[in-house]
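Trainee: Starting off with a structure, shown below.
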Amino acid sequence: MAHYRAELTGVFGDPVDDNPTCVLEEAGYAALGLNYRYLTMKVLPEDLETAMAAVKALNFRGINLTMPHKIRVIPMLDELSEAARIIGAVNTVICDNGRLIGENTDGKGFTRALKMGGVQIEGADIMILGAGGAARAIAVECALNGASRIRIVNRTQENGRELAELIREKTDSASEYVPWTQSVRVPEETNILINATPVGFTPDSASRPDIDYDTVRADMTAADVVFNPVDTLFLEECRRHGASVFSGIGMLVQQGALNFTLWTGKEAPLDVMYEALRREIEG
């Protein structure tokens, strides 16, 4: 007998029109012949509680959350993962027999992309540019993966200090705040340099994070959370100084793959999802 009911997944956000996650998730579902759908849905802040109740009522398999819902959704959930609890934000919800479980795959996707590229995070000395939501998730996951030290570089002192303190208190990694008052020098002992700011986050942007690129070394890894364009000016400059580089598209695909597996229980077809997203971004 034919089975017509689709399993539902999707994303809640506002704004959400430009969120490309549907492209890679739908490509993965199609590749494995799964009767799943990924819906991109605008949900206003005042409607989030109603929307989360609908997730249960409509028997969704799971949902992604983007701004402005990642923090305010927490009281509506039944359980949090370790990472989500430390980060204080949720980007993925798994629906398990009526229970809503909050996870944060932002940092997990990033660290998984680096590790699959042969970069060792355990024992690494890491410098992160920025202290917003992406930086917070990445810093926590790098710490949980055994980074020895994480430097947080940020212009707003309060946010930078708070994130460094969170890492020191909640994980085994050392952490310190570095004021961003001028072109920041990258310390010699740095193994991984991460741009977790939105600087350069438009295909026609001519901007890059303000650091002293002459302090970027050939034995260093540079990674960007920006995925469009795939090759940012930050990565181009780091590559010019000999560093190995990782684009934000890898982070986004790995994040999507983790969501895929959490919702379907199946291994995600990474190559298919990556190519679908790259085609969408590059037009």
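Only the coordinates and a few stated rules stand behind these numbers; no lab work does. Bear in mind the structure is a predicted one, so any value in this text is a computation, not a measurement. Note that each Cβ is placed from the backbone with ideal geometry, even for glycine, and that neighbours are counted across all protein chains shown.
Trainee: Label ILE71 and ARG168 with points 7 Å out from Cα along Cα→Cβ: what is the distance between them in nm?
Mentor: Going by the 7 Å Cα→Cβ label model, 2.2 nm.
Trainee: Could you calculate the FRET efficiency of GLU158 with ASP214 from 1/(1 + (r/R0)^6), where r is the beta carbon distance between them and R0 is 35 Å, rounded to 0.05?
Mentor: Working: r = 30 Å, r/R0 = 0.85.
For GLU158 and ASP214, the calculated efficiency is 0.70.
Trainee: So, one more: Does the range 135-225 classify as rounded, prolate or oblate by the C-alpha gyration tensor (a ≥ b ≥ c root eigenvalues; a/c under 1.5 gives rounded; else a/b over b/c gives prolate, otherwise oblate)? The partial results should precede the final answer.
Mentor: Values: a/c = 1.61, a/b = 1.40, b/c = 1.15.
Since a/c reaches 1.5 and a/b is larger than b/c, the shape of the range 135-225 is classed as prolate.
Trainee: Suppose we take every Cα in the range 154-283 and form the convex hull; what volume per residue is that in Å³?
Mentor: Numbers: hull volume 18.8 nm³, N = 130.
Roughly 145 Å³ of hull volume per residue.
Trainee: Same structure again: If the cut-off is 15 Å between C-alpha atoms, which aspartates and glutamates fall inside it for LYS42, apart from same-chain ones fewer than 8 positions away?
Mentor: ASP14, ASP17, ASP18
Trainee: Mind pulling the per residue volume of the convex hull built on the Cα atoms of the chain? Å³ is fine. Let's see the in-between values first.
Mentor: On the way: hull volume 37.0 nm³, N = 283.
Hull volume normalised by residue count: 131 Å³.
Trainee: Between GLU236 and LEU44, what FRET efficiency follows from the Cβ-Cβ distance if R0 is 25 Å, with the result rounded to 0.05?
Mentor: Values: r = 38 Å, r/R0 = 1.54.
Efficiency, rounded to the nearest 0.05: 0.05.
Trainee: How many nm separate the modelled label positions at ASP78 and ARG99, each set 7 Å beyond the Cα in the direction of the Cβ?
Mentor: Placing both labels 7 Å along Cα→Cβ, they lie 0.6 nm apart.
Trainee: Among ALA84, ALA143, ALA53, which one shows the highest mean-square fluctuation when the chain is modelled as a Gaussian network with alpha-carbon springs under 10 Å?
Mentor: Sorting by GNM fluctuation, first place goes to ALA53.
Trainee: Say the cut-off is 30 Å between C-alpha atoms; which of LYS56/LYS170; LYS56/LYS266; LYS115/LYS266; LYS56/LYS108; LYS170/LYS266 go over it?
Mentor: Working: LYS56/LYS170 32 Å; LYS56/LYS266 22 Å; LYS115/LYS266 21 Å; LYS56/LYS108 25 Å; LYS170/LYS266 32 Å.
Beyond 30 Å between Cα atoms: LYS56/LYS170; LYS170/LYS266.
Trainee: Would you please name the trypsin sites (Lys or Arg not before Pro) within the range 115-149 that are DSSP coil residues with at most 13 other C-beta atoms within 10 Å of their C-beta? Don't skip to the answer; put the middle values down first.
Mentor: Numbers: sites: LYS115, ARG136, ARG149; in loops: none.
Listed in order of number, the matching sites amount to none.
Trainee: Given the peptides 102-113, 16-27, 72-83, arrange them by the average over their residues of other C-beta atoms within 10 Å, most packed first.
Mentor: Working: 102-113: 24.7, 16-27: 18.2, 72-83: 15.5.
Sorting 102-113, 16-27, 72-83 by mean packing, highest first, produces 102-113, 16-27, 72-83.
Trainee: Also: Could you compute the FRET efficiency for ALA57 and ALA31, with r as their C-beta to C-beta distance and R0 at 22 Å, rounded to 0.05? Could you put the intermediate results ahead of the total?
Mentor: Values: r = 30 Å, r/R0 = 1.34.
Computed FRET efficiency for ALA57 and ALA31: 0.15.
Trainee: Right, next: Placing +1 on the Cβ of each Lys and Arg and -1 on the Cβ of each Asp and Glu in the range 52-118, which of ALA83, LEU65, ALA54 has its Cα farthest towards the positive end of the resulting dipole?
Mentor: LEU65
Trainee: Restricting everything to alpha-carbon atoms, can you work out Rg to Rh for the range 67-175 with a Kirkwood hydrodynamic radius? Walk me through the intermediate numbers first.
Mentor: Numbers: Rg = 14.1 Å, Rh = 14.2 Å.
Across the range 67-175, the Cα-based Rg/Rh ratio is 0.99.
Trainee: What are the residues whose amide H is under 5 Å from the amide H of PHE246, where those residues sit 5 or more places off or on another chain and H is modelled from the backbone?
Mentor: So PHE246 has HN proximity to ALA222, ALA223, ASP224.
Trainee: If you place +1 on the Cβ of every Lys and Arg, -1 on the Cβ of every Asp and Glu, and leave all else neutral, what size is the dipole of the chain about its Cα centre, to the nearest 20 Debye? All intermediate terms of the calculation are to be shown ahead of the outcome.
Mentor: Values: 27 positive and 40 negative charges, 81 e Å.
For the chain, the charge dipole is close to 380 debye.
Trainee: Take every DSSP beta bridge with both residues inside the chain and express the antiparallel ones as a percent of the total, to the nearest 5.
Mentor: Details: 8 of 42 bridges.
In the chain, DSSP labels about 20 percent of beta bridges as antiparallel.
Trainee: Each residue of the range 146-151 in order: what ³J(HN,Hα) in whole Hz does its phi give by Karplus 6.51 cos²θ - 1.76 cosθ + 1.60, θ = phi - 60°, with x for Gly and Pro?
Mentor: x, 4, 6, 8, 10, 9
Trainee: For the range 80-124, report the % of Cα-Cα distances exceeding 15 Å.
Mentor: Working: 513 of 990 pairs.
Percentage above 15 Å: 52.
Trainee: Can you tell me the convex hull volume per residue for the range 1-145, based on C-alpha atoms, in Å³ to the nearest whole number?
Mentor: Working: hull volume 19.8 nm³, N = 145.
Per residue, the Cα convex hull of the range 1-145 comes to 137 Å³.
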